[in-house]
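So the structure is just underneath, and the comments pick up after that.
Read the figures in this text as sums done on the coordinates, not as results from a lab. Everything numeric in this text was worked out from a predicted model, so none of it was measured. Don't worry about glycine lacking a Cβ; one is built from the backbone with ideal geometry, like all the others, and counts go over all protein chains shown.
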Amino acid sequence: MSRNILHTVNQSPFTSNTLAQCLLYIDDGDAILLLENGVYAALKNHALEPQLKNKVCYVIEADLQARGLLEQDRQAHIQLIDVDQFVELTTQYNLVQSWY
Amino acid sequence: MIESKKIGIILRHAPYGNSFAQEALDATLAVGLFGQQLSLIFLGDGIFQLLKHQQASAINQKTFSKQISAFELYDIERIFVCAQSLAHRDISTDSLCIDVTCLAPADIKKIMREQDTLLSF
Amino acid sequence: MNFSLLITSPPSSQASYSAYQFARALLSQKHSLYRVFFYHDGAYHGSSIQCVGQDEFDLSEAWEALQKEYTFDLVVCIAAGLKRGIINTTEAARYDKQQHNLSEHIELSGLGQLADAAACSERLITFGGSCG
């Protein structure tokens, strides 16, 4: 039985290959949640933006707010969520893989 | 009652630079003792844990590869390594200290999804 | 749904704060939290003598208050704790150390507790990463 995975990524794509690694193993039906320093991946025009385009992506709004990123241009398809919605996502996806 | 579960352990960190990989190994053996069906999935720098010829006494640490031979004793047989992670690091399976199943990322994806729970190390 | 958390990050990492927020949110949504297992540098959460600035968030106090409100295990892995100097009176005596510092609301226990949490929980979420 094949299951869907929620991938959480908390490292900046500008300092770490963690997001790149995650993208190697993500499949249709999966989603990515960017949190903590991982939220920098929500910015536009970085090397991994093309690979994020067709993925279901979420980002923790409070982490964007803390980092002054609410006022920056971001990839439009990435949905802002809060921690309550993070919990809901973990119940909707069969598995959670934390990339850190 | 503890139900039997398929537990996937994702191992992504190189050994020796800090204690993380060692502690991941300790956790793996503890979960192995618990009688669940374990799958070990080595990705990225995690593949370096499996290299032959490690001599960690050179830096006053316990040698990883010696402990990894304990996997057999714990009946841990489902050991997967990402072929792309190996190729990217110019390492062949001949250089690894145990028998592994080497899979392309597309097949690693399938193994991950067969699990009931993933432990992320 | 029944959750457990594995926390490998130290209190100084934002991942540890995310873990606490996640725990609080799941409990307020009426899910159950079986166990929080602190491993690797997460063992530092076991210290009762962290001195947090008045204008800073006290994570240790927050976990203690959450545990008082709901029932769940807060466990520091004994092996990870020992090597990081997070020990209770029993281990202090065993290792002939003059001090001990484990918080009262936290238990020191073995990796079997992590294995048990993985087996018994519908969701096991890992929070990790250094402060860098």
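Rg/Rh, computed from the Cα trace of chain B with Rh as the Kirkwood radius, has the value 0.95.
Can you tell me the dipole magnitude for chain B around its Cα centre, using point charges on the Cβ only (Lys, Arg +1; Asp, Glu -1), in Debye to the nearest 20?
On the way: 11 positive and 13 negative charges, 41 e Å.
With only Lys, Arg, Asp and Glu charged at Cβ, the dipole is about 200 debye.
Coordinate range of the alpha-carbon atoms in segment B:68-113 per principal axis, descending: 30, 27, 10 Å. Ordering C:TYR17, C:TYR70, A:TYR100 from the fewest to the most neighbouring beta carbons within 10 Å gives C:TYR70, C:TYR17, A:TYR100. Enumerate the whole-percent occupancy of each 10 Å bin, from 0 to the last occupied one, for all C-alpha pair distances of segment C:90-132. Answer for segment C:90-132: a P(r) of 19, 33, 33, 15, 0 percent.
For chain B, the mean residue ellipticity at 222 nm estimated from helices alone is -7500 deg cm²/dmol, where every DSSP H run of n ≥ 4 contributes -39500 (n - 2.57) and the total is divided by all residues, rounded to the nearest 500.
In segment A:2-61, the C-alpha radius of gyration followed by the widest Cα-Cα span (Dmax) gives 10.6, 33 angstrom. The lysines within cross-link reach of B:LYS6, meaning a Cα-to-Cα straight distance under 24 Å and a gap of 8 or more places when in the same chain, are B:LYS109, B:LYS110. Sorted from greatest to least, the principal axis extents spanned by the alpha carbons of chain C come out as 44, 38, 30 Å. Using the Stokes-Einstein relation with a Kirkwood hydrodynamic radius computed over Cα pairs, the translational diffusion coefficient of the protein assembly as shown at 10 °C and a viscosity of 1.306 mPa s comes to 76 µm²/s. Checking every one of the chymotrypsin sites (Phe, Trp or Tyr not before Pro) in segment A:1-68 against DSSP loop status and a limit of 14 other Cβ atoms within 10 Å picks out A:PHE14. Of C:THR71, A:THR8, B:THR63, the sequence from fewest to most neighbouring Cβ atoms within 10 angstrom is C:THR71, B:THR63, A:THR8.
Please report, ordered by residue number, every helix of chain C (full DSSP H runs) that is 20 Å or longer along its axis going by C-alpha atoms and whose mean Kyte-Doolittle hydropathy reaches 0.0. Show your work: numbers first, answer last.
Values: long enough: C:14-28 (21 Å, 0.07).
Passing helices, by number: C:14-28.
Relative to the longest principal axis of the Cα atoms of chain A, the long axis of helix A:83-92 lies at roughly 30 degrees.
Once C-alpha pairs closer than 8 Å and six or more residues apart are averaged by separation and normalised to the residue number of chain B, the relative contact order reads 35 percent. Charge dipole (Cα centre; +1 on Lys/Arg Cβ, -1 on Asp/Glu Cβ; no other charges) of chain C amounts to roughly 300 debye. In summary, the convex hull built on the alpha carbon positions of chain A has an orientation-averaged projected area of 5.9 nm². Placing +1 on each Lys and Arg Cβ and -1 on each Asp and Glu Cβ, with no other charges, gives the protein assembly as shown a dipole about its Cα centre of roughly 640 debye. Each of B:PHE71, B:SER57, B:LEU40 was scored by the projection of its Cα onto the charge dipole of segment B:31-80, and the greatest displacement toward the positive side belongs to B:SER57; charges sit on the C-beta of Lys, Arg, Asp and Glu.
Over chain C, what is the relative contact order in whole percent, taking alpha-carbon pairs under 8 Å and six or more residues apart?
Values: 225 pairs, mean separation 51.1, N = 132.
This gives 39 percent for chain C.
Among B:ASP90, A:ASP84, the order by Cβ neighbours within 10 angstrom, fewest to most, reads B:ASP90, A:ASP84.
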